[in-house]
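Following: one structure in structure tokens, then a few remarks.
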Amino acid sequence: MAAKLKKGDRVVVLAGRDKGKTGEIVKVIPAEGRALVRGVNQVKRHQRQTASQEAGIITKEAPLQISNLAYADPKDGKPTRVGFKVLEDGRKVRFAKRSGDLIDG
């Protein structure tokens, strides 16, 4: 099955601590059904000193369940579902169901 959300997509968080926030997908982990979203679901981690990194408390993004994310409509930024359609030239593209705008095309 084709992926409805991909790296670089602008998404809205539907549930959880960061509900309503928007961000760009940095990484998708299909095996776990999760995605990393820039600036969302920030957690603090204690970092041990290594040759390349300094010790301290760092802030980074934690993965979110893909089911808690929705594509942000290109027209108004509100959450929308993603559908697929085949164009006349045979290409399969994604489109926003709320506005009908093409995402990939």
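Some observations on this one:
- Tally of residues being over 17 Å from THR22 (Cβ atoms), basic (Lys, Arg) and surrounded by fewer than 16 Cβ atoms within 10 Å (Cβ to Cβ) across region 44-97: 8
- Going through (1) part of a loop (DSSP other than H, G, I, E, B); (2) farther than 14 Å from SER67 by Cα one by one, ALA31 falls short only on (2).
Condition check ((1) within 17 Å of LEU102 (Cβ to Cβ); (2) modelled with pLDDT under 95; (3) touching a strand residue (DSSP E or B) at 6+ places or on another chain (Cβ under 6 Å)) across all residues:
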position: ALA3; (1), (2), (3): yes, yes, no
position: LYS6; (1), (2), (3): yes, yes, no
position: VAL13; (1), (2), (3): no, no, no
position: ILE25; (1), (2), (3): no, no, yes
position: LEU36; (1), (2), (3): no, no, yes
position: GLN49; (1), (2), (3): no, yes, no
position: ALA62; (1), (2), (3): no, no, yes
position: ASP76; (1), (2), (3): yes, yes, no
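- Residue match in region 57-70 (condition: among the polar types (S, T, N, Q) and in a loop (DSSP other than H, G, I, E, B)): no
- Pairs with Cβ under 6 Å, 6+ apart, first in region 67-80 and in contact (Cβ under 8 Å) with a residue 60 or more places away in the chain, second among the basic types (Lys, Arg): ALA72/ARG10
- Criterion violated by ALA31 - all others in (1) of a type outside the set (Asp, Glu); (2) within 17 Å of the chain's Cα centre (by Cα); (3) surrounded by 10 or more Cβ atoms within 10 Å (Cβ to Cβ) satisfied: (3)
- Index of the failed condition, GLY8 passing every other in (1) in contact (Cβ under 8 Å) with a residue 12 or more places away in the chain; (2) surrounded by 10 or more Cβ atoms within 10 Å (Cβ to Cβ); (3) not polar (S, T, N, Q): (2)
The values are calculated or read from the model by the stated rules, or taken from the named source; none is laboratory data. Model, not experiment: these values are computed from the prediction. Using ideal geometry, Cβ is built from the backbone for each residue, glycine included, and neighbour counts are taken over all protein chains shown.
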